[in-house]
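Chemist: Sharing a structure, written as structure tokens. Questions coming.
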């Protein structure tokens, strides 16, 4: 067993959410996270880090981002949606991607998903040499010790297994409802008044 797969296995045994999806419930109490789906990149007793995977960042295009970083590749090989990954570190970019692309700084999260936060991966994506599947996000979601666990206990979040189809291929507007249906939740029955009849 490789080091990363042992780490992933150990995290799951410990009850951590690495590689899973967090699904905001109507009782989240924070408009920044209303109806969000977050892919959990890292979670342990000291912190949690994830990327919102169903929000477009309308203020920035991939081409503009490349320009800001002085990456001159002409016209990018493909159109890349820039996502709003969350309200933390909003000046930093993250690429969630298929594990067929690995750099020295890549964090391998599961057997099929990895995270890289370097300019090199953006260059590779721009010229069509990057990972097979990718999701570019600016900013992330982060929690301090015990904070995420408390939000889960307060019914702010549900969680479920991630799948590549939902992460990389499902339309943004469908990700939350599709993720909820994976755990048997009918979103039309959800109310923000949890615990009230």
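Chemist: Can you work out the FRET efficiency for the pair residue 102 and residue 189, with r the C-beta to C-beta distance and R0 = 30 Å, to the nearest 0.05?
Modeler: Details: r = 42 Å, r/R0 = 1.40.
Using R0 = 30 Å, I get an efficiency of 0.10.
Chemist: If you project the alpha carbons of segment 91-143 onto their three principal axes, what span does each projection cover, largest first, in Å?
Modeler: 33, 25, 18
Chemist: If R₀ is 30 angstrom, what is the calculated FRET efficiency for the pair residue 34 and residue 129, using the beta carbon separation as r and rounding to 0.05?
Modeler: Numbers: r = 37 Å, r/R0 = 1.22.
Efficiency computed from Cβ-Cβ geometry: 0.25.
Chemist: Calculate the length of the line joining the C-alpha centroid of segment 132-168 to that of segment 49-71, in whole Å.
Modeler: Here the two parts' Cα centres lie 18 Å apart.
Chemist: What is the ratio of the Cα radius of gyration of the chain to 2.2 N^0.38 Å, with N the residue count, to two decimals? Don't jump to the answer; show the numbers that get you there.
Modeler: Numbers: Rg = 16.9 Å, N = 197, 2.2 N^0.38 = 16.4 Å.
So the Cα radius of gyration is 1.03 times the expected 2.2 N^0.38 Å.
Every number here is computed from the coordinates shown, using simple stated rules; none is lab data. Values in this document were obtained by computation on a predicted structure and should not be read as measured data. Glycine also receives a Cβ, built like all others from the backbone with ideal geometry; neighbour counts cover every protein chain displayed.
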